[in-house]
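Novice: Submitted below is the structure of interest, expressed as structure tokens.
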Number of protein chains: 2
Amino acid sequence: MRRLSPIPLTRDNFLPFGDVIDGETANPIVINQGFAQRFNDLARIDVEAGGGAVNVSLFRGQPRPRPIAIRLMERHPLGSQLFMPLQDRPWLVLVAADVHDFASYRAFTATGRQGVNYARHVWHHPLLVFDADSRFLVVDRKGPGNNLEEVWFAPAFLFDLTP
Amino acid sequence: MRRLSPIPLTRDNFLPFGDVIDGETANPIVINQGFAQRFNDLARIDVEAGGGAVNVSLFRGQPRPRPIAIRLMERHPLGSQLFMPLQDRPWLVLVAADVHDFASYRAFTATGRQGVNYARHVWHHPLLVFDADSRFLVVDRKGPGNNLEEVWFAPAFLFDLTP
């Protein structure tokens, strides 16, 4: 079994892969007559290639059996893809600089208050959650063209998430 | 005191003002090898006027004293503005077709699983929450130009939210 210990997600360690949407680590602006703080401009939304536009969706994810069998990785050549959790529960992020080089894989545990925005072309695994019916707001791309590349592994490699 | 009973938010009754982002009322697509459902394309993001781009932010809102004193309404002439709650707690939406005509005001109670996307030009009150430290993901516009119009009321009118 492949072993890759997830580390806590931060803006710095995720920088090669995209943005972390995290109100704990930004300086807010006070707005709304003092009744709100705004943590401004946290993600680079990059969806206009090939005539694309912003697509706002809700995802409801289910946990996979442990150890997690990694059967595929995917990336979106035409747009960024943002996931923001809608419950305060940790979840998991798996990315790779080079999909064919296991040494380039990185796993992160995100808190339930951290979202991520995968940059265009960044290899990542589909949504990985620990809890049934985990809900996410997703901001990605709609429009013409093929915005999905997948690499499938046969056999799957098993992924030991033990920290 | 003005009295305006909030009614439960639905896609239909909010249609003149924008979109409701609600996974309970859309037909999902099954994705991610069966481990997720996607409720697709729930909001019209309209931020390109005047050279604008998408701005993703986090808001943290605080409740106002009751009865709520309405001192201003605002609208964004250059872009839509989407609010998605990040905790499963109800919140309040106050909009108006004509900011100077009280008969055109509408109040809605949103569940903690419902977001709204105010269309461009739609008069609305800043964020109204019931609970301290209520967190929202916000998708609106950044870019040149003045994207804020406000109308202030002096004296404020008090808003009785009794259902």
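Novice: Would you confirm, using the coordinates I've provided, whether B:Gly34 is modelled with pLDDT under 95 and either farther than 26 Å from A:Phe35 by Cα or in contact with a helix residue (DSSP H, G or I) (Cβ under 6 Å, 6 or more places away or on another chain) (or both)?
Specialist: Taking the combined requirement at face value, the residue satisfies it.
Novice: Filtering the range B:56-75 down to residues that are assigned to a loop (DSSP other than H, G, I, E, B) and over 26 Å from A:Leu86 (Cα atoms), which residue is farthest from the other protein chains (Cβ to nearest Cβ)?
Specialist: B:Pro67
Novice: Can you find a residue in the range A:131-153 that is within 14 Å of chain B (Cβ to nearest Cβ), more than 11 Å from the chain's Cα centre (by Cα), in a loop (DSSP other than H, G, I, E, B) and over 23 Å from B:Ala43 (Cβ atoms)?
Specialist: Yes, some residue in the range A:131-153 is within 14 Å of chain B (Cβ to nearest Cβ), more than 11 Å from the chain's Cα centre (by Cα), in a loop (DSSP other than H, G, I, E, B) and over 23 Å from B:Ala43 (Cβ atoms).
Novice: Condition first: closer than 24 Å to B:Asp41 by Cα, touching a residue at least 40 places away in the same chain (Cβ under 8 Å) and more than 18 Å from the chain's Cα centre (by Cα). Can you find one or more residues in the range A:38-49 that meet it?
Specialist: There is at least one residue in the range A:38-49 that is closer than 24 Å to B:Asp41 by Cα, touching a residue at least 40 places away in the same chain (Cβ under 8 Å) and more than 18 Å from the chain's Cα centre (by Cα).
Novice: Filter the range B:84-113 for residues that are of a type outside the set (Val, Ile, Thr), outside any loop (DSSP other than H, G, I, E, B) and open to solvent by 10 Å² or more (accessible area, probe 1.4 Å) and give the result.
Specialist: Answer for the range B:84-113, where residues must be of a type outside the set (Val, Ile, Thr), outside any loop (DSSP other than H, G, I, E, B) and open to solvent by 10 Å² or more (accessible area, probe 1.4 Å): B:Phe102, B:Ala103, B:Ser104, B:Arg106.
Novice: Continuing with the same structure: Of the residues B:Arg38, B:Arg11, B:Arg2, only one is of a type in the set (Lys, Arg) and under 26 Å from A:Pro63 (Cβ atoms); which?
Specialist: B:Arg38
Novice: I'm told A:Arg71 meets every condition in (1) in contact (Cβ under 8 Å) with a residue 60 or more places away in the chain; (2) open to solvent by less than 10 Å² (accessible area, probe 1.4 Å) except one. Can you identify the failing condition by its number?
Specialist: (2)
Novice: Taking only the range B:1-16 into account, find how many residues are surrounded by 11 or more Cβ atoms within 10 Å (Cβ to Cβ), charged (D, E, K, R) and part of a helix (DSSP H, G or I).
Specialist: Summing the residues that are surrounded by 11 or more Cβ atoms within 10 Å (Cβ to Cβ), charged (D, E, K, R) and part of a helix (DSSP H, G or I) in the range B:1-16 gives 1.
Novice: Identify the residue in the range A:2-34 that is within 10 Å of another protein chain (Cβ to nearest Cβ) and touching a Leu at 6+ places or on another chain (Cβ under 7 Å) and, among all such residues, is farthest from B:Ile31 (Cα to Cα).
Specialist: A:Asn32
Novice: Looking only at the range A:117-140, which residues are open to solvent by less than 20 Å² (accessible area, probe 1.4 Å) and either more than 15 Å from A:His100 (Cα to Cα) or in contact with an Asp or Glu (Cβ under 6 Å, 6 or more places away or on another chain) (or both)?
Specialist: Selection gives A:Asn117, A:Tyr118, A:Pro126, A:Leu127, A:Leu128, A:Val129, A:Ser134, A:Phe136, A:Leu137, A:Val138, A:Val139, A:Asp140.
Novice: Being assigned to a loop (DSSP other than H, G, I, E, B) and under 16 Å from B:Met84 (Cβ atoms) is the filter here, so list the residues in the range B:18-45 that pass it.
Specialist: Hits for the range B:18-45 are B:Ala26, B:Asn40, B:Asp41, B:Leu42, B:Ala43, B:Arg44, B:Ile45.
The values are calculated or read from the model by the stated rules, or taken from the named source; none is laboratory data. None of the values given here were measured: they were computed from a predicted structure. Note: ideal-geometry Cβ built from the backbone for every residue, glycine included; neighbour counts use all protein chains shown. Accessible surface is based on the protein model in full, side chains and every heavy atom, while ligands, DNA and RNA are left aside. Shrake-Rupley method; radii C 1.70, N 1.55, O 1.52, S 1.80 Å.
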